[in-house]
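The structure appears right after this line, and notes come after that.
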Protein chains: 2
Amino acid sequence: MSSPAVQTRADQASAPNGEDALTALVGLVREDLEACNRQIVERMQSPVALIPQLAAHLIAAGGKRLRPLLTLAAARMCGYRGDRHVRLAACVEFIHTATLLHDDVVDESDLRRGRASANAVFGNQASVLVGDFLFARSFELMVEDGSLEVLRILCGASATIAEGEVLQLVIQNDTSSTEEQYLDVIEGKTAALFAAATRVGAVVADRPVAEAEALDAYGRNLGIAFQLVDDALDYSAQQEKLGKTVGDDFREGKITLPVLLAFQRGDEAEKVFWRRVLEEKQQEEADLPHALALMQKHQAFTDTIGRARMYGDKAIAALDGFPDNAEKRALVGVVEFCIARAH
Amino acid sequence: MSSPAVQTRADQASAPNGEDALTALVGLVREDLEACNRQIVERMQSPVALIPQLAAHLIAAGGKRLRPLLTLAAARMCGYRGDRHVRLAACVEFIHTATLLHDDVVDESDLRRGRASANAVFGNQASVLVGDFLFARSFELMVEDGSLEVLRILCGASATIAEGEVLQLVIQNDTSSTEEQYLDVIEGKTAALFAAATRVGAVVADRPVAEAEALDAYGRNLGIAFQLVDDALDYSAQQEKLGKTVGDDFREGKITLPVLLAFQRGDEAEKVFWRRVLEEKQQEEADLPHALALMQKHQAFTDTIGRARMYGDKAIAALDGFPDNAEKRALVGVVEFCIARAH
């Protein structure tokens, strides 16, 4: 599954188990993370009981808190000693949770599949409105922080996320989409928040613009790598280990890099197949295994992970200017963690 | 339709035609409004073409621009001579449009009715995501303005709107809801943005807190009156003049004051009727006319408008401390406009 042709920095940095890298990061900012979790629970409260109930469905369900962890570690790597980063990490998690709630709002066809997402349990409207609440609450927290620079970064990221999500909707079911469009989608929907999450670390620490930009580049490239791996995993048996279903993207006709590569490298008969299953959404039981076989044949999976490694390397390189410390090593480790999920 | 028992300030102020009052307000801030409309069109742009397309569907479809008009007039009444209020009026309209888009996201049952709302034309997901974009863009505009006080007011209002909308969802189809819960809903979903829209007028003009609070009270009471009239109109033949459908709230089982009053004043047989149509949503063709007859019998409509007049009076009284000028007279006129819609 790894690309033997290219030995990358991410490979060299690779621990045998990516989870170790995440564990190391959590260990390093444990107190900050606990304070952040307290803020999250405290600030998702409302006299309207359904709001914390629905928010807890998603927030208590765990998740790795990857984005707030990045904010906490970035601030500490920059030598920050205060506690503003805790509140901002909570902001980042609120924005992420709001987008998850809105992502899961399904249209008619998706409803039939009846997943146990928040919208399946509480309904579409409640998911949308609680997402709006978390979004607004996140901005309230930023206003309490009082930095217009932080507000500018996170408001801008929020608008970019929405643009990325809409673009994803536009190119959905369209096999003539380009790799460039796909990259625009994941830079918007995923990488923009990673970039903002790490950039604010430099801002609270009052570091020079060059360091803020370096942390922005780290987060952005990490976010792209993360999403590439995610999109590869959607077609991987590894996914079952994570308690998710293989082929969700396939069934929705979502255009991701593994699909684009297999389509572009396929012969005419294969292109007819892809158009039927993704554009016309005429899918039968044997279609997913066939799709997986075509991806294997064209190295679509391997090459997607290869791209992820390349972006992971860029993320690590962006940290070059920072002095070596435990937080920097942990941020390098996060890149390992993201890529190692594919193994 | 008017309540003859109580002669109110809003009655005394009433022009023969409420539209005249709105026309007067528009005339007074015409240049500001045109600048605001330019900002709206300019700032809803995005490289993702679907965003301005969908936004235009709602924003170009017109609407009265009532909320931005309030911001513009409030700032001018406070003697403000700059142009910050133009951008903030655009923010207010973006927040309003975002909430409209998210309101219209339908659950399965609503979809069958297939209205020509944005979500019917572009789909649920696009409506949610473009709403998110406008919401985020609105905050970006506020950050450009640079006042943390303005940000605090409008972020707070946004969270409150979401709380009001969720509460509305919670009490939907529940005939045991109280008038107090209903008031909480409309204070949240409608009045909070009216209050913020007018309050920021005092803030940009750098007026004392007492004036900001007076304008907040004006907007809040006006918003409550506006929503009460709206909820009455949903059961009124007047509604057809406005190109809307009578009985939308009825079909959704939405709990509004006309319904609550008719239910609470009804005998046991009537309560059985209301529970069947609103809680169990078992509705037949003759049910809406029957519901209208019950409302008539119990003066539910008349008394809803009576309450609206009371809040309209409070709105007008909140302006007492401001010196008489054309903008103040126009803001008084807006109260007339809102109430006169019921005639």
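At pLDDT 95 or above and more than 22 Å from the chain's Cα centre (by Cα): is that true of A:Glu108 in this structure? Break it down into steps so the answer makes sense when it comes.
Details: at pLDDT 95 or above: no; more than 22 Å from the chain's Cα centre (by Cα): yes.
Here the answer is no, as A:Glu108 does not meet what is asked.
Could you list, ordered by first residue, the pairs with Cβ atoms under 8 Å in which the first is in the range A:38-49 and within 11 Å of chain B (Cβ to nearest Cβ) and the second is of a type in the set (Asp, Glu) and surrounded by 21 or more Cβ atoms within 10 Å (Cβ to Cβ), at least 6 apart or interchain?
Close Cβ pairs satisfying both conditions: A:Ser46/B:Glu163; A:Pro47/B:Glu163; A:Val48/B:Glu163.
Since A:Asp145 meets every condition but one in (1) more than 9 Å from chain B (Cβ to nearest Cβ); (2) farther than 21 Å from A:Ala212 by Cβ; (3) among the acidic types (Asp, Glu), which condition does it not meet?
Of (1) more than 9 Å from chain B (Cβ to nearest Cβ); (2) farther than 21 Å from A:Ala212 by Cβ; (3) among the acidic types (Asp, Glu), only one is false for A:Asp145: (2).
Output the residues belonging to the range A:56-77 that are in a loop (DSSP other than H, G, I, E, B) and either on the phi < 0 side of the Ramachandran plot or crowded, with 20+ Cβ neighbours inside 10 Å (or both). Spell out how you get there, then give the answer.
Step one: of the range A:56-77, the residues in a loop (DSSP other than H, G, I, E, B) are A:60-65.
If the condition is that a residue be in a loop (DSSP other than H, G, I, E, B) and either on the phi < 0 side of the Ramachandran plot or crowded, with 20+ Cβ neighbours inside 10 Å (or both), then A:Ala60, A:Ala61, A:Lys64, A:Arg65 are the ones that fit.
If we scan the range B:168-180, do we find a residue that is without any contact (Cβ under 8 Å) to a residue 60 or more places away in the chain and either facing chain A (nearest Cβ under 10 Å) or touching a Pro at 6+ places or on another chain (Cβ under 8 Å) (or both)?
For the range B:168-180, residues without any contact (Cβ under 8 Å) to a residue 60 or more places away in the chain and either facing chain A (nearest Cβ under 10 Å) or touching a Pro at 6+ places or on another chain (Cβ under 8 Å) (or both): present.
Mind counting the residues in the range A:150-159 that are facing chain B (nearest Cβ under 8 Å) and of a type outside the set (Lys, Arg)? Write out each step before concluding.
At the first step, the residues of the range A:150-159 found to be facing chain B (nearest Cβ under 8 Å) are A:151-152, A:155-156, A:158-159.
Next cut, of a type outside the set (Lys, Arg) only: A:151, A:155-156, A:158-159.
Adding up the residues that qualify gives 5.
Condition first: basic (Lys, Arg) and buried (at least 19 other Cβ atoms within 10 Å of the Cβ). Now tell me which residues in the range A:329-343 satisfy that. Please lay out each step first, then the result.
Step one: filter the range A:329-343 for residues basic (Lys, Arg), giving A:329, A:341.
Hit for the range A:329-343 is A:Arg341, nothing else.
Quick one: A:Glu213 ticks every box in (1) charged (D, E, K, R); (2) in contact (Cβ under 8 Å) with a residue 60 or more places away in the chain; (3) closer than 29 Å to A:Ile153 by Cβ bar one, so which box is it?
Just one mismatch for A:Glu213, condition (2).
What do you reckon, is A:Ala330 at pLDDT 95 or above, more than 28 Å from A:Tyr80 (Cβ to Cβ) and in contact with a Leu (Cβ under 6 Å, 6 or more places away or on another chain)?
Details: at pLDDT 95 or above: yes; more than 28 Å from A:Tyr80 (Cβ to Cβ): no; in contact with a Leu (Cβ under 6 Å, 6 or more places away or on another chain): yes.
Considered against the rule, which asks whether it is at pLDDT 95 or above, more than 28 Å from A:Tyr80 (Cβ to Cβ) and in contact with a Leu (Cβ under 6 Å, 6 or more places away or on another chain), A:Ala330 comes out as no.
Return the only residue of B:Ala191, B:Ala162 being away from chain A (no Cβ under 14 Å) and buried (at least 23 other Cβ atoms within 10 Å of the Cβ). Give the derivation first.
Values: B:Ala162 fails: away from chain A (no Cβ under 14 Å).
When all the criteria are applied, what remains is B:Ala191.
The values are calculated or read from the model by the stated rules, or taken from the named source; none is laboratory data. Remember, predicted model here, so these are calculated numbers, not experimental data. Glycine also receives a Cβ, built like all others from the backbone with ideal geometry; neighbour counts cover every protein chain displayed.
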